[in-house]
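Data block below; observations after.
The values are calculated or read from the model by the stated rules, or taken from the named source; none is laboratory data. Just so it is clear, the structure is predicted and the values come from calculations on it, not from any experiment. All Cβ positions, even for glycine, are placed from backbone atoms using ideal geometry, and neighbour counts span all protein chains on display.
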Protein chains: 2
Amino acid sequence: MTNHTDLESLFNPKTIAMIGASPTPGKWGYFILLNMLKAGFNGQIFPVNPKAESILGFKCYPAVSEIPESVDLAIITIPSALVSPVIDECAACSIRNIVLVTSNFSESGEEGAALEDEIVAKAEKYGIRIVGPNTMGIFSSDSRLHALMPTLMPLHGSISMFSQSGNVGVQMMDYGLHENLGFSKFVSSGNEAQITCVDYLKYFAEDEATKVIMGYVEGFDLDTDLLEVTKEITLKKPVVFLKGGKSEIGTKAAASHSGSLAGSAAINHAVFRQAGIVEAMTSLELIDFAKSFANSPLPAGNRVGIITRGGGWGVLTADACEQSGLVVPPLPETLIREIDKILPEYWNRGNPIDLVATIMNDPLPACLKMLVEWDGVDAVIVLGAGLQNFSYHYADDLEGPPQLIETIKFIKEYREAGSGKLDPNLVLIADLVKQTGKPIISVSMGSQYSHKEFMKTYSILSFPTPERAVGSLQKLAEYSQYLTKNGVLTG
Amino acid sequence: MTNHTDLESLFNPKTIAMIGASPTPGKWGYFILLNMLKAGFNGQIFPVNPKAESILGFKCYPAVSEIPESVDLAIITIPSALVSPVIDECAACSIRNIVLVTSNFSESGEEGAALEDEIVAKAEKYGIRIVGPNTMGIFSSDSRLHALMPTLMPLHGSISMFSQSGNVGVQMMDYGLHENLGFSKFVSSGNEAQITCVDYLKYFAEDEATKVIMGYVEGFDLDTDLLEVTKEITLKKPVVFLKGGKSEIGTKAAASHSGSLAGSAAINHAVFRQAGIVEAMTSLELIDFAKSFANSPLPAGNRVGIITRGGGWGVLTADACEQSGLVVPPLPETLIREIDKILPEYWNRGNPIDLVATIMNDPLPACLKMLVEWDGVDAVIVLGAGLQNFSYHYADDLEGPPQLIETIKFIKEYREAGSGKLDPNLVLIADLVKQTGKPIISVSMGSQYSHKEFMKTYSILSFPTPERAVGSLQKLAEYSQYLTKNGVLTG
């Protein structure tokens, strides 16, 4: 019987046979090799191709049996009709893991399904684990294994993801480049002929490098053990799922069971909630929520302090909090008196705290510290903390009338003088998170650039809009409450 | 009596006095001048500052009365206590428009409120129009008037916006740089001591350069004429509003009336709907919806065709359509038979159409054309249309083992060979929109870069996620239905 869940040698192989390696750019057997080369895979790669001497500098072998080393993982891209005998060859070489990229199996009809059954039967007999078929590949940061079809270098981090759609999975990682979203492991589960998302889930649950589990699920039935298994796991690690196929048409498109919209979406919501799964309603939420759990402590409760450089943004943030069940408590008299010493006489004396100030003699650090340390809030959202937005639009653009040039040079020098240094406000935010254990979420507003920079340079959880920050904080608070209710966290 | 709505000379002045112009970087009287210089204002600028000879190359004048030309607009940044006599000076020079950037008026308490009343009384007496006080400025693309506090160069286009929060307004324009969102006019309405958002609305309604009106509103009461006025305008032009202060705390933060959450949000929703206003629920939706109305025809109905390169994305798109009340009709037998000739035998034969194909012998153009031209759909969402994602991650990065370099050069050459040329698929999309009058919305997926490029190079309405595309299409369909119901469009 094949052990489906001890996937260590699958995700961190030392030797890989690339069966179907191709010297032709455009072929998947070329791109996957290119990606592994580019990523600098930690082990050895043996392309198998009887017609080529070498590909991308790797010596080629005419058959798996000719490879001089023992092989931990075979990646297969040859046409489906040729796959079955190759499984026998792999077994003869004691290969225990196969990533079967090849498509045209059960997803394409009866003939393919029969072929798929044949291969799975062989795999089970031989004790081989098969990812796919019809998978877009796997990824593991530890061993720098980038065995993916698209030319994509995902960021490394603590999130592990399985996806029942290859395209959704890889494009999440692609989008993650813009959101500074780092992955530990990824697998496109393909047709799940043998190894299923339940197996990946169990492995991610035990994997120490995995802090957050992220999944795109389409075809699970309510009577499988996915939900039972996940219910155990969510007591240990956050699990964020996006469910595709909730609508009638979506369900048909997912080639799954059919059902009414309201019914299936509501049932899905209920069972996710019961299992402690963090439910993303959109693809962007899947990224936002995974990012948040990977980059923030959990709040002890749902009370939020808001501090802002722009009044209107504070209003929108407070609106979003209240709409999602987070509480924005009024400031106590003692705190108001302390802040009176810092802000101009006419400040609003409320939460959100509107800084109503210029960037000179910045009141943000002192006010932020007081707000975060106040025991009346469990988390803080800070809007417009970074100063680096100052003139960033101009400094790279030396066009304009002559009298502008001197000013632009001044701005450029100002910016460059600061570029090596860390922004003290942002260092403070990161420190306050550590000291208090409370989440502090930044809303960079305006510039996508600085939104990513917040994450990358300062490890501060950051979003470009307040609504995205609030949506994520609400999920952190909800999960914290779930753990408390189940006795994992003490409130 | 001051004419409040003929704002042509305010938005398109030929001569500007900058009262409070400063030679000190960091002062608003410096930044506003810098912005106008950088933008290349079409008219003449006269800085007023008795202590400076010249600022940024502009000759300074000791007082408004010393300016040798007649002045269409005065921008004032001097402290609030000094403003009142300057209004008299402006009147003496027959200045009819003032942008009063100065704060510390009614927003800061009773004393400021009294000062504000005094100034408004003078303005009314003199027939002067005042924007603000406490405004972050105005912008007009026609005259290249960038009289804004932040160093920001908004993109030019057909959207005109007023904002009851300066920060929200300018940061929308900043964010618009990433979304290729172009503005015709913008005004931060400040305290609205005299000229109010109703006046701006009326002006934008008559302004031929304004195709879409966008507004951030906080403090309007249901008994003002804002809604009555807007109801007239929405029959002529789409009006997209984001309302801040819908929650109890948000309302307090907006220093406005108080009320229960559900009550005020629901009332807001109802009155907006009644007036034909397109309601954005988040700051990102405000941008998305304005962008959509500015860059797409209206669909005649709510039936959507979906075509995708990735199955999972099709599922998510169909889910989102159904959840928002859009219909994804099944394909008729005749159309299926036509597409049978193009796609592999095992294609899904449904809507969404999953292209299940490589990028060689691309089936997208033929399938897309058939889908758009089918009279069973009113709009089409196309996922993954662009080919330029191909290897874009690698071509700029020449790091890696030596055997990579040749390949990377190949990719670079491949990309550069295509860089001067237009992508035929995207040209086709733009053409099909023109030919059929149906909206075709692109979902670029993965790369933010290409999402913007779609808009910029091809004028194709594009989003990075399917849910954002669907949310916007739903608003286009809803507005189309509103116009039909009111007899403006014939269905």
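Within segment B:202-216, the set of residues being in contact (Cβ under 8 Å) with a residue 24 or more places away in the chain and either part of a loop (DSSP other than H, G, I, E, B) or crowded, with 24+ Cβ neighbours inside 10 Å (or both) comprises B:204, B:207, B:209, B:210, B:211, B:212, B:213, B:214, B:215, B:216. Among the criteria (1) more than 17 Å from residue A:290 (Cβ to Cβ); (2) outside any loop (DSSP other than H, G, I, E, B), the one residue A:151 does not fulfil is (2).
If you check residue A:452 against the conditions, is it at pLDDT 65 or above, surrounded by 17 or more Cβ atoms within 10 Å (Cβ to Cβ) and over 29 Å from residue A:301 (Cβ atoms)? Yes: the conditions hold for residue A:452. Could you check how many residues of segment A:330-369 are facing chain B (nearest Cβ under 9 Å) and in contact with a strand residue (DSSP E or B) (Cβ under 7 Å, 6 or more places away or on another chain)? Going through segment A:330-369 one residue at a time, the tally reaches 4. Within segment A:165-180, the set of residues being touching a Ser or Thr at 6+ places or on another chain (Cβ under 9 Å) and part of a helix (DSSP H, G or I) comprises A:166, A:167, A:168, A:169, A:170, A:171, A:172, A:174, A:175, A:177, A:178. Among the residues making up segment B:276-293, those that are surrounded by fewer than 21 Cβ atoms within 10 Å (Cβ to Cβ) and either in a loop (DSSP other than H, G, I, E, B) or in the same structural domain as residue B:477 (by TED's automatic domain parsing) (or both) are B:281, B:282. Across segment B:301-324, which residue is surrounded by the fewest Cβ atoms within 10 Å (Cβ to Cβ) among those that are at the interface with another protein chain (Cβ under 8 Å from one of its Cβ atoms) and out of contact with any strand residue (DSSP E or B) (no Cβ under 7 Å at 6 or more places or on another chain)? Out of the qualifying residues, it is B:323.
If you take the residues of segment A:136-151 that are under 24 Å from residue B:310 (Cβ atoms) and within 13 Å of chain B (Cβ to nearest Cβ), which of them is surrounded by the most Cβ atoms within 10 Å (Cβ to Cβ)?
Top of the filtered list is A:136.
Just checking, does segment B:117-126 include any residue being closer than 15 Å to residue B:10 by Cα and away from chain A (no Cβ under 14 Å)? Yes, segment B:117-126 contains a residue that is closer than 15 Å to residue B:10 by Cα and away from chain A (no Cβ under 14 Å).
Would segment A:47-64 turn up any residue that is under 23 Å from residue A:194 (Cα atoms), among the hydrophobic types (A, V, I, L, M, F, W, C) and touching a helix residue (DSSP H, G or I) at 6+ places or on another chain (Cβ under 8 Å)?
Yes, segment A:47-64 contains a residue that is under 23 Å from residue A:194 (Cα atoms), among the hydrophobic types (A, V, I, L, M, F, W, C) and touching a helix residue (DSSP H, G or I) at 6+ places or on another chain (Cβ under 8 Å).
Candidates A:162, A:183: the one that is assigned to a strand (DSSP E or B), within 14 Å of another protein chain (Cβ to nearest Cβ), touching a residue at least 24 places away in the same chain (Cβ under 8 Å) and touching a Phe, Trp or Tyr at 6+ places or on another chain (Cβ under 8 Å) is A:162.
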